[in-house]
Amino acid sequence: MKNISLILFLNCFFISNVACAQFKLNNLEDAKKLEINKNEFIGKSLNNLLDAININIVSVIPSPNKNPNEVNRISFLFVSKSHYKNSGDKPTRITVTFNQNWGLLGERCTYERIGCTSWTQSDRQKLGNLIVHDIYVSGKN
């Protein structure tokens, strides 16, 4: 009887761990899998998504800017802004939308504005509590 109880306990433990396993993005070749698994992140904080991305975010394209009250979407890039801008074959980018500011009101972020396309720990702290509305992946990978 003890063996049966132990087996049942271990099965339940194993099933609960597998069922709760969260998607992790470890390389750009798997970026499309993030889009397939986006329901794990929609309705949760941006921090939850950022914790699952195990690749260095080099730059971003925010729209219209990185103000937490104005940002409608932000695209995460894994190359420099100059490389992305000048690349004929656009590199992979992950775009996250937030359910706010659909009119894109606010000062526009441009490549020329210093600090506008960089991604810092401070940006993560400011924007991390925003709730993810949608995720899509574009680019060559």
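The values are calculated or read from the model by the stated rules, or taken from the named source; none is laboratory data. Note that the structure is a prediction, hence the values are computed from the model and not measured. Neighbour counts run over all protein chains shown; Cβ positions are idealised from the backbone, glycine included. All accessible areas refer to the heavy atoms of the entire protein, side chains included, with ligands and DNA or RNA removed. Shrake-Rupley method; radii C 1.70, N 1.55, O 1.52, S 1.80 Å.
Ordering of 103-112, 40-49 by packing is 40-49, 103-112, highest average first (other Cβ atoms within 10 Å, averaged per residue). Taking 7 Å steps out from each Cα toward its Cβ at W102 and S45 produces label points 2.7 nm apart. How much of the accessible area of segment 78-141, in percent, comes from carbon and sulfur atoms when a 1.4 Å probe is used? In segment 78-141, the share of accessible area belonging to carbon and sulfur is 51 percent.
With all protein chains kept in place, the per residue accessible area of segment 90-136 amounts to 57 square angstrom at a probe of 1.4 angstrom. Distance between the 7 Å Cα→Cβ label points at S82 and D30: 3.2 nm.
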